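Structure first, commentary second.
The values are calculated or read from the model by the stated rules, or taken from the named source; none is laboratory data. Computed from a predicted model, the values in this text were never measured in an experiment. All Cβ positions, even for glycine, are placed from backbone atoms using ideal geometry, and neighbour counts span all protein chains on display. Calculation scope for accessible area: heavy atoms of the full protein, side chains included, ligands and nucleic acids excluded. Shrake-Rupley method; radii C 1.70, N 1.55, O 1.52, S 1.80 Å.
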Amino acid sequence: MALKEQLFEDLKNAMKEKDTIRKDTVQLIRSAILQFEKDNKVELDDKGIIEVIAKQLKSRKDSLPDFIKSGRQDLIDKLNKEIEILLNYLPEQLSESAIQKVVEDTIAELGATSLKDLGKVMKAITPKIKGVADGKVVSNVVKNILMK
């Protein structure tokens with residue numbers, strides 16, 4: 001089943017089950033996809049949809065520390081549930097060791113030796129890890145390896 005169809009089915013099921021957080025999250029995903037398609041005049045395939053979902057996930061993860069800092073447990077719980085829902089639509093995320101392997105292979109391919117090569121390494125790695133790993137984690141792994 002295509003990802004768009006799955007999102008539509010999940011939206012219908014969430015509405016039937018009266019699961020407002022799931023319904024709202026799926027609606028936000030679908031509207032972000034529609035907005036992207038209208039802005040760029042394209043029809044997204046599953047890979048493009050995964051990129052949109054990954055951006056949605058990143059924005060929620062980035063706002064989580066602010067909610068924690070303000071002590072808003074109700075918003076923290078809601079955000080964690082949304083993150084969990086978004087992760088269900090993404091391919092299985094790479095483990096830290098798998099990320100490290102990809103980074104080491106890419107660094108070896110490029111012959112990168114110092115932190116000056118960080119941009120070049122990240123540019124080469126990004127297409128490989130898009131949607132399956134968090135960019136911040138990958139950047140930290142690259143920095144740690146290049147600093148050795």
- request: Determine, for each peptide in 130-136, 69-75, the mean count of other beta carbons within 10 angstrom over its residues, then list the peptides with the highest first.
  value: 130-136, 69-75
- request: Could you tell me the number of lysine pairs in segment 86-148 with C-alpha atoms less than 15 Å from each other, where the two lysines are 8 or more residues apart or belong to different chains?
  value: 9
query: When only C-alpha pairs under 8 Å and at least 6 residues apart count, what is the relative contact order of the chain, in percent?
result: 21
query: How far is helix 135-147 tilted, in degrees, relative to the longest principal axis of the Cα atoms in the chain, given as a value from 0 to 90 rounded to the nearest 10?
result: 10
query: How high is the relative contact order of segment 26-85, in percent, counting Cα pairs under 8 Å that sit 6 or more residues apart?
result: 27
- prompt: Using 7 Å Cα-to-Cβ label points, what is the K69/V42 separation (nm, one decimal)?
  reply: 3.4
query: If one takes the longest principal axis of the Cα atoms in the chain, at what angle in degrees, from 0 to 90 and to the nearest 10, does the Cα axis of helix 118-129 lie?
result: 40
query: Among the lysines, which have Cα under 18 Å from the Cα of K23 when same-chain residues fewer than 8 positions away are ignored?
result: K4, K12, K78, K81
message: Once neighbouring chains are kept in place and the probe is 1.4 Å, which whole percent of the accessible area of the chain is contributed by carbon and sulfur?
response: 54
statement: Per the C-alpha gyration tensor (a ≥ b ≥ c, the square roots of its eigenvalues), segment 35-148 is rounded if a/c is under 1.5, else prolate if a/b beats b/c, else oblate; here it's oblate
- request: Pull out a ≥ b ≥ c, the square roots of the eigenvalues of the alpha-carbon gyration tensor of segment 69-131, then state rounded if a/c is under 1.5, prolate if not and a/b is larger than b/c, and oblate in the remaining case.
  value: prolate
task: Determine the per residue accessible area of segment 1-134 with all protein chains present and a 1.4 angstrom probe, expressed in square angstrom.
output: 63
task: Would you mind putting 17-30, 34-47, 112-125 in packing order, based on average other-beta-carbon counts within 10 Å, highest first?
output: 17-30, 112-125, 34-47
query: Using the Cα gyration tensor of segment 4-64, with a ≥ b ≥ c the square roots of its eigenvalues, what is the shape: rounded (a/c below 1.5), prolate (a/b larger than b/c) or oblate (neither)?
result: oblate
